[in-house]
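Data block below; observations after.
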Amino acid sequence: MKVAFLGTGLMGQPMAQRLLDANVQLIAYNRTPEKLAPLKAAGAEIAEHPRFAIREADCVILMLTNAPAIYSVLLSDTSWRMLAGRTVIQMGTITPLESQEIRDSVVAAGAEYIEAPVLGSIPEAKSGNLIVMVGALREQYQRYLQLLQNFGPNPILIGEVGTAAALKLALNQLIAALTTAFGLSLAYIQRQNVKVDTFMQILRESALYAPTFDKKLQRMLEHNYANPNFPTKHLLKDTDLFIESATAQGLNVSSIEGVREVLDTAMRMALAHADYSSLYAAITAANDGN
Ligand SMILES: NC(=O)c1ccc[n+]([C@@H]2O[C@H](COP(=O)([O-])OP(=O)(O)OC[C@H]3O[C@@H](n4cnc5c(N)ncnc54)[C@H](OP(=O)(O)O)[C@@H]3O)[C@@H](O)[C@H]2O)c1
């Protein structure tokens, strides 16, 4: 099987590298061609336009920012006409509705569509330990299980197209909400002269603890948001997607709208490309007069 990998950004690059390491035949495309250099050096074929990659491949993997990027790369007239007979595996974070609409366009082109969004970040992408959530027919899932196991040991079939996208957004809502809640409590206890160690000791022993707190603690204390695995702008994007999708389901989204405001403040503080724990800077800046 030959795979076209479209979108070799922060996540796509190490994921495509995993396929190369497993001796999967690979042709890669990225809008910014400079980012393809490491894959080229590792033996990947490079395409100058997505349609050339699609034409060569049996299976097309997408790791693009959002739905507009997918429309531009996969569903432009020239790319769309190349799709017949291929299977598209969409691995970025988009809404269930966007995923279903893209599936309909892909199927209309005579191709198959699977969604397979992932939980985990660059370290997990490099080591093949992503949590891969699959929205597909059981038969399609079984057919592509071995390929998907290059990204994570245990890809899970969630249900039909849309269900895996929904689960991914639900998990990312938790990332945004938990990190903001932790950052606010951390800032608060410091202002009230409670030792951080004491706070963490009690928190760790309590039912309130989540491992993500310790993962982000040091970055927050040091205001070190460099070398992000998951930048603030992507968490804002996913938060917006969640709000859109949950609102359409008639849910009260006021809690996550508050979190969204904090993310928006971080964006205005030029932290769009910083690690998302930089929302702590937005929380503390409110009282610093920054
Ligand atoms: N980073 C994470 O930890 C993480 C974890 C799980 C899921 N995700 C999701 O995975 C997806 C990719 O994330 P990432 O972190 O790899 O992002 P990224 O580094 O920003 O890469 C995004 C990719 O999309 C391409 N792209 C964006 N807009 C485009 C357009 N209009 N036309 C053509 N190509 C376009 C970019 O091309 P250029 O290189 O030319 O900009 C790049 O290849 C996102 O949906 C993200 O939410 C990310």
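Report, ordered by the first and then the second residue, all pairs with beta carbons closer than 6 Å, sequence separation of six or more or different chains, a first member in segment 181-199 that is surrounded by 10 or more Cβ atoms within 10 Å (Cβ to Cβ), and a second member that is among the polar types (S, T, N, Q).
Every condition considered, the pairs that remain are Ala187/Thr284.
Residue-wise test of (1) in contact (Cβ under 8 Å) with a residue 24 or more places away in the chain; (2) in a helix (DSSP H, G or I).
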position	(1), (2)
Gln140	yes, yes
Asn150	yes, no
Leu174	no, yes
Ala177	yes, yes
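So, in segment 164-184, of the ones that are away from the ligand (no atom under 13 Å from the Cβ) and of a type in the set (Val, Ile, Thr), which residue ends up farthest from the chain's Cα centre (by Cα)?
The residue in question is Thr180.
For Tyr209, work out the one condition from (1) part of a loop (DSSP other than H, G, I, E, B); (2) under 28 Å from Leu10 (Cβ atoms) it doesn't fulfil.
Against the list (1) part of a loop (DSSP other than H, G, I, E, B); (2) under 28 Å from Leu10 (Cβ atoms), Tyr209 comes up short only on (2).
Of all residues in segment 61-77, which are more than 10 Å from the ligand (Cβ to nearest atom), closer than 25 Å to Gln25 by Cα and surrounded by fewer than 20 Cβ atoms within 10 Å (Cβ to Cβ)?
Leu75
For the subset of segment 220-267 comprising residues that are among the β-branched types (Val, Ile, Thr) and within 12 Å of Gln173 (Cβ to Cβ), which member is farthest from the ligand (Cβ to nearest atom)?
Here the answer is Val253.
Any idea which of Val60, Val73, Val3, Val24 is farther than 24 Å from Gln146 by Cα, touching a residue at least 40 places away in the same chain (Cβ under 8 Å), among the β-branched types (Val, Ile, Thr) and touching a helix residue (DSSP H, G or I) at 6+ places or on another chain (Cβ under 9 Å)?
The match here is Val73.
Okay, residues lined up against (1) in contact with a strand residue (DSSP E or B) (Cβ under 6 Å, 6 or more places away or on another chain); (2) surrounded by 18 or more Cβ atoms within 10 Å (Cβ to Cβ); (3) among the hydroxyl-bearing types (Ser, Thr, Tyr):
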position: Leu235; (1), (2), (3): no, yes, no
position: Thr239; (1), (2), (3): no, yes, yes
position: Ile243; (1), (2), (3): no, yes, no
position: Gln249; (1), (2), (3): no, no, no
position: Ile256; (1), (2), (3): no, yes, no
position: Glu261; (1), (2), (3): no, no, no
position: Asp264; (1), (2), (3): no, no, no
position: Arg268; (1), (2), (3): no, no, no
position: Ala272; (1), (2), (3): no, no, no
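Taking segment 226-244 as the region of interest, how many residues are out of contact with any Leu (no Cβ under 8 Å at 6 or more places or on another chain) and acidic (Asp, Glu)?
Of the residues in segment 226-244, 2 are out of contact with any Leu (no Cβ under 8 Å at 6 or more places or on another chain) and acidic (Asp, Glu).
Does any residue of segment 125-133 turn out to be within 27 Å of Gln17 (Cβ to Cβ) and away from the ligand (no atom under 16 Å from the Cβ)?
No, that holds for no residue.
Looking for whichever is under 27 Å from Pro231 (Cα atoms), without any contact (Cβ under 8 Å) to a residue 40 or more places away in the chain and either more than 8 Å from the ligand (Cβ to nearest atom) or crowded, with 20+ Cβ neighbours inside 10 Å (or both) here; the options are Gln13, Gln100. Which one fits?
When all the criteria are applied, what remains is Gln13.
With the condition being charged (D, E, K, R) and within 19 Å of the chain's Cα centre (by Cα), I'd like the helices (runs of 4 or more DSSP H) fully within segment 216-290 carrying at least 1 qualifying residues.
So the answer is 232-248, 254-268.
I'd like to verify a number: residues in segment 12-68 that are among the polar types (S, T, N, Q) and either more than 21 Å from Leu83 (Cα to Cα) or outside the structural domain of Val132 (by TED's automatic domain parsing) (or both), how many?
Looking only at that region, the number is 4.
Identify all residues within segment 20-55 that are farther than 26 Å from Ala109 by Cα and within 20 Å of the chain's Cα centre (by Cα); write none if there are none.
Matches in segment 20-55: Thr32, Lys35, Leu36.
Quick check on Glu124: is it over 28 Å from Gly85 (Cβ atoms), crowded, with 18+ Cβ neighbours inside 10 Å and outside the structural domain of Ala246 (by TED's automatic domain parsing)?
Yes, satisfied.
The values are calculated or read from the model by the stated rules, or taken from the named source; none is laboratory data. Only a predicted model underlies this, so the values are computations on that prediction, with no experimental measurement involved. Here the Cβ is made from the backbone with ideal geometry for all residues, glycine too, and neighbour counts use every protein chain on show.
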